[in-house]
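One structure below.
The values are calculated or read from the model by the stated rules, or taken from the named source; none is laboratory data. Everything quoted here is computed from the prediction, not taken from an experiment. Here the Cβ positions follow ideal geometry from the backbone for every residue, glycine too, while neighbour counts run over all protein chains shown. When the accessible area is computed, the model is the full protein with side chains, heavy atoms only, and any ligands, DNA or RNA have been set aside. Shrake-Rupley method; radii C 1.70, N 1.55, O 1.52, S 1.80 Å.
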Amino acid sequence: MRPQRPLPHRRRWLPRGRTDVDVRTALGVVGTLLAWFALAFVPPAAVALAVGEPPWPFLVTGSAVALTGLALRRLTGPRPPLGVREGFLVVVAVWLLAPAFGAVPFLLGDVPQLDRPADAWFEAMSGFTATGATVVTDLDALGTDMLFWRQFSHWLGGAGIIVLALAVLPRLRIGGRELLRSELPGPVEIETLGETVRGTARRLWKVYLAVTAVGVLALAALGWAGLDRRMGLFDAFSYATSAVSLGGFAPHDDSARGLAPVTQWVLCGLMAVAGVNLLQMYRLAALRQVRAAARDEELRTYAVLLVVASGVVAAELWAAGNAGGAGALRHGAFQAVSVMTTTGFATADWAVWGTVATLTLLALMFLGACAGSASGSVKVVRHLVLLRFTRRELEQAVHPDAVLPVRVSGRVIGARVLRSVLLFALLYLLVLAVGTFCLALDAGAGGGGVFTALGAAAACLGNVGPAFGELGPSGSYAPLGAVSKVVLGALMLLGRIEIVPLAVLLRRGYWRA
């Protein structure tokens, strides 16, 4: 008699000791990524040699990264193709290891402000996650090599080490698509740009390089033309890489406050462009698909929100007497764009502005730029989906039999995407609440109270950087204790990988089918 098949709705657990996740495959890919990541320590070593600083902190760290990567590849041996489940593990592992290794040059380089492991790790995590929060109180005391490493970590983290790896590792196959989705988060269609993930990643990387080059040349030209005497080539590189990666690290303590007004406007435009979906930028620049970009509802909403937020902040500055005329417009536009794109540059200390401006900037921390950009936070497209879903549910409460699909840019949003957006929103609020609670317990986030704790949690989870009070643009995160720095570093990581990959790894079902 043929044995009866189990019912399809019953879950069958694998026997104890077995796993449905091929850890060897995942570790092998992590090893390959680390081997490529080791090359990132060559440019700062070259800069150190050029300015007369010892390059050995970068060379030692790069060698350690390369040996670790090669050892993982050697130990794992031949592997099957990377699957979707292993992709989650690779994403989390890489984003944990990159800041850990990135902190080592700070510790080896005799940097007094970053000589404690918690501070060095916080700075490296902020760099690679393109957050821009810092514990350094005197940037002028840092050598050029360490300043370059801070900025370079921003640039690498902006588009992502994983996107670079996808461009050179065609064997990632199915998992490569999952990794690309993790680096370009949100309901973004990546299949229509190229036949393979490798081709798509290469196109994204070319766009990122092109925007960076244009930004460096534009800012350097201002210095060459005498419009901003402070803007040398190194400063142009530093500000451009931060703006393109939507990071916010600056080579000076005053962020963007000491720059000429024309430079601030150029930076404002560069941040706004960097907040656009990289895929849309490629379609506009290479494929000349202007009509397709014009039909993109997320892009239109993003532009409208930037204009409206800039106007609100500028009006508040003018009404409160903090700035007048062109100055109010410039500061309002710059800060609205900087916060909404989660860059974190500052032309003034927004912590001392009026209530309306402060609350507007706090709200912008929860918006983010377009999905498919280096921006953090929730992203505009998710807000669109949530609004359309809410409207649909209210309509169906009155007309239960009505068929009302949720549409964005003319496309119907499926139930699976709706569930993922709702899940992300709930997890985002939950993580924000837990992070705020932990910071408030740990000496009130530097003594600023619950609002300061909320601002710090929102700024780090959204990868914005500066918060309010002592943690605002004129301050730093140095006054916080080690526990708060670890909590904020964890929030940066969760914001960069968008919570879900780590949440998936914490489930028992992930490891045991």
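Less than 5 angstrom separates the built amide H of residue 407 from those of 413, all sequence-distant by 5 or more or on a different chain. In the context of the full set of protein chains, the chain has a per residue accessible area of 43 Å² (1.4 Å probe). Of the solvent-accessible surface of the chain, computed with a 1.4 Å probe over protein heavy atoms with every protein chain present, carbon and sulfur atoms account for 64 percent. Averaging the Cα positions of each part gives two centres, and for segment 222-292 and segment 440-513 these lie 26 Å apart.
Within the shell of other residues whose beta carbon sits under 12 angstrom from the beta carbon of residue 250, the net charge comes to -1, with Lys and Arg scored +1 and Asp and Glu -1.
Distance from the Cα centre of segment 316-395 to that of segment 131-162, in angstrom? Each part's Cα centre sits 24 Å from the other's. Provide the net charge surrounding residue 346, with neighbours chosen by a C-beta distance below 13 Å and charges set as Lys +1, Arg +1, Asp -1, Glu -1. For residues surrounding residue 346, the net value is -1. Within the shell defined by Cβ-Cβ distances under 15 Å, the residues around residue 125 carry a net charge of +2, with Lys and Arg each +1 and Asp and Glu each -1. Volume per residue of the convex hull around the Cα atoms, evaluated for segment 247-339, comes out as 114 Å³.
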